[in-house]
Each structure stands twice: as C-alpha cells, then as structure tokens.
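The values are calculated or read from the model by the stated rules, or taken from the named source; none is laboratory data. Because the structure is predicted, anything quoted here is derived from the model rather than measured. Here the Cβ positions follow ideal geometry from the backbone for every residue, glycine too, while neighbour counts run over all protein chains shown. Accessible surface areas use protein heavy atoms only, side chains included; no ligands, DNA or RNA. Shrake-Rupley method; radii C 1.70, N 1.55, O 1.52, S 1.80 Å.
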Amino acid sequence: MSKEKMVKTDELPPGRILGIESSCDETAAAVLENGRIVLASLVASQVELHAQFGGVFPEVASRQHIRTIYSIIDETLKRAHLDLADLDAIAVTRGPGLPGSLVVGLNTAKGLALGSGLPIIGVNHLEAHLYSAWVDLATTDPVNLMPEPSFPLLTLIVSGGHTELVLMRGHLQYERLGATLDDAAGEAFDKVARLIGLSYPGGPSIQRSAEGGNPAAFHFPRAWLEGTWNFSFSGLKTAVLREVRRMQEQKLPLPVANLAASFQQAVVDVLVGKTMMAAEALDAKEILISGGVSANRALRQAFLAQDAYPVHIPHISLCTDNAAMIASAGYYRFAYGQRDGLDMDVLPNWPLSQMSLPPRLSGLEHA
Ligand code: KG4
Ligand code: ZN
C-alpha cells in the first residue's frame, strides 16, 4: 500500500526552461517559469501544408521543421525578453513521434545546449500532454495560479496517435490502465471525417459540422470492452462506413451533420464513461484530460457536466501540440534531477509506462 504525499510545485526548486517541440506537424518553442508560468509560447502549424495530402506527409513535415525552427526559437526568446544565458535548461521532445521530425528538434536543442552550456532534457510527448494541465495561461503572478491537479489523478490522453487511461499517484508516476486496441480517438475523427467528406484535420471539422446535427440520428455502437480499461474505435468507424455506403447505393444525400454528431456522441460517451468508471474503481481524487481531442467542445462539456470529480482540462490552445507543455514536463524532470547527454537519440515509439520515476524520488511514501 502506498500513501500519497502531495508534492506541490512551489516545494520544488525553481527553473526557467526553454521547450522545443517538433514531433509531428507543429514546430513550437516556449519559455516557462517553474513549469506553470508562460513567459512566451509560439506554435507554427503545418496544417495547411498537409491538408492537400489529407494527412501528415512525413518528409514534408521534417523539411518544414528545418525551415521554421530557428526563427520560432529566436522569436520566442525575444518575446520572453530573455537570452539563453537567462535559462536553466533546454527541454526537447524525444518521442514518440515521426523520426524525421523529432530529429530536427532534438538536433537543434543539442546545438543550443552545446553553444550555451545549458543542460538538455529529453521529454516524452505523452507526458508533456499531461503536464499541459499544469500550465496557466491566465496569469504570470505565482500567487494567483489556478489550483494544480491533485494525486491520485486519473488521466486520459486522447491525441492523434494515442488513447490511454493512466493513473498518476505523484509527479512523473504513471500506471497505464489501458489503451486503444486499434485506432486512436483523434485518428477515428480524422478517418470518419474523410469518409463523410469533411476536410483534414477531422476533429475540428467534425466538431463544426456536428453543431448543426442531431447526435441521436444514428445509433452507432459503443465498444465498452468490459473488464478492461481498453478502447476500440474501429467498429464505430466501420458502422459509419456502412451507413455511408448504404446511402450512396440508394443515391441519398449524405446527412453529414447528423453523421458527424452521432459519431462524435458515440466517442464522447465511451471516453467519458470509461474515464469516470476508472476514476471510481481506482479511488482517484481528480480527473485530467489532455491531447488534441480534449479540444473537442462536446467532450469538454460532458466532463464538466458531471460533478463526481474535479476535472482539469488544458486551455484550448494547449490541447493540440505546443512547446509550453514540453517546457512544463521538462521543468518537473529538471526539478527531479534529470539531465541527458548529447548522444541522446530520438525514440519514435516511447511508451509513457517507461517514464515513471522511482516512487521515493517523486514524493510517494510507502506505508
Ligand atoms: O495532440 P495532437 O495535436 O497531436 C498528436 O500528438 O497526435 O492531436 C491531434 C489530433 C488529430 O487527430 C485531430 O483531429 C484531433 O487531435 N483534434 C480534435 C479536435 N482538435 C484536434 N478532435 C476532436 N475535436 C477537436 N476539436
Ligand atoms: Zn500531441
């Protein structure tokens, strides 16, 4: 049995961190103070570049990172009114992500570390999505920061590549409860959007279209996978495909808004339902949701509508990929002593479950 001893951020050593993100199709840099206060944060999105391919084209992504990354970092430091000499460390996404994209951020960070003498910290992108809920965009006043999440914390990561339920008993402590067996939630949004003729990226397109539709128009399946904390979205995707084919064969016009709303409702029901069940079963104090799909309005509203648990949801601009979350996770890693070498390689398939700090170090006491 372990007893949680909450370590508050203000009990940790101070640190001003430059974060760099380039794992997929966003080039981003940010400077954060003590993991929670944003001094500057910039994101250069490649969405328009990839829209013509209907998804991220890896080689195009890495070459665009090369073109953008130095000016993004330079402008971020200017907006923070800081030089590298004013910082304590450089945090950079090491994985998971596209190898050719990760390499650009990692090598840039190494060059900056070598030139400045600052320590470099490799950050797991999924861990960073969780830490986006610690970032406060509303104030730079340390005494007015929003309350930080409390442990044990039931977390849901819903992004383009991952759907995972993870229990955090302390900082940098992750117990993976379950994950998707097939498509990630974001991937399901992207694939279904294409099926019903909506543009890439599918999440925001489906959200927009669903606002004019009836979520009860179609009764799409919900895969509860009882007895596990896993998810599956491929049956739902196939059910939408079947409806689309049926209507096309009958030469009926596609009720796009109703299809979008009914699909979105099925995803929201399962994500919210399983997260709430897991929070109860594992005796969590609070819930945290993060990742690109947590930008979804219906999902946010459904979590906020329940009153069983306080819910932490990142600011909408921090749900999709950004560097503030990298600098935040990098700060906690810095505070707990992580320093990496200049020979560090990218880790394109880096599971969050490999990231846990020994409980002794993260402030967990064993009773
Ligand atoms: O976290 P993220 O920016 O990148 C990854 O790490 O994967 O997530 C991108 C995913 C995409 O699949 C996108 O369609 C989805 O997040 N997404 C949304 C919304 N905004 C982005 N899904 C549903 N509703 C949204 N509003
Ligand atoms: Zn992401």
query = Can you tell me which residue in segment 79-96 is nearest to ligand 1 (Cβ to nearest atom), limited to those that are crowded, with 24+ Cβ neighbours inside 10 Å and not aliphatic (A, V, I, L, M)?
reply = THR93
Index of the failed condition, GLY122 passing every other in (1) within 15 Å of PRO351 (Cβ to Cβ); (2) open to solvent by 10 Å² or more (accessible area, probe 1.4 Å); (3) out of contact with any Phe, Trp or Tyr (no Cβ under 8 Å at 6 or more places or on another chain); (4) more than 16 Å from ligand 1 (Cβ to nearest atom) = (2)
inquiry  = Quick check on VAL103: is it among the β-branched types (Val, Ile, Thr) and either within 16 Å of ligand 1 (Cβ to nearest atom) or free of Cβ contacts under 8 Å to residues at least 24 places away in the same chain (or both)?
reply    = no
note = If we ask which residues in segment 323-348 are within 15 Å of the chain's Cα centre (by Cα) and assigned to a loop (DSSP other than H, G, I, E, B), their number turns out to be 1
key: Wholly enclosed strands (runs of 3 or more DSSP E) of segment 33-129 bearing at least 2 residues at pLDDT 95 or above, small (Gly, Ala, Ser) and in contact with a strand residue (DSSP E or B) (Cβ under 9 Å, 6 or more places away or on another chain)   = 37-45, 89-95
message = Suppose the filter is within 16 Å of ligand 2 (Cβ to nearest atom), closer than 30 Å to LEU87 by Cβ and of a type outside the set (Val, Ile, Thr); does ALA335 pass it?
response = no
query = Across segment 269-322, what is the total count of residues that are hydrophobic (A, V, I, L, M, F, W, C), within 17 Å of the chain's Cα centre (by Cα) and over 19 Å from MET146 (Cβ atoms)?
reply = 4
remark   = Scanning segment 297-316 residue by residue, those in a helix (DSSP H, G or I), free of Cβ contacts under 8 Å to residues at least 40 places away in the same chain and of a type in the set (D, E, K, R) turn out to be ARG300
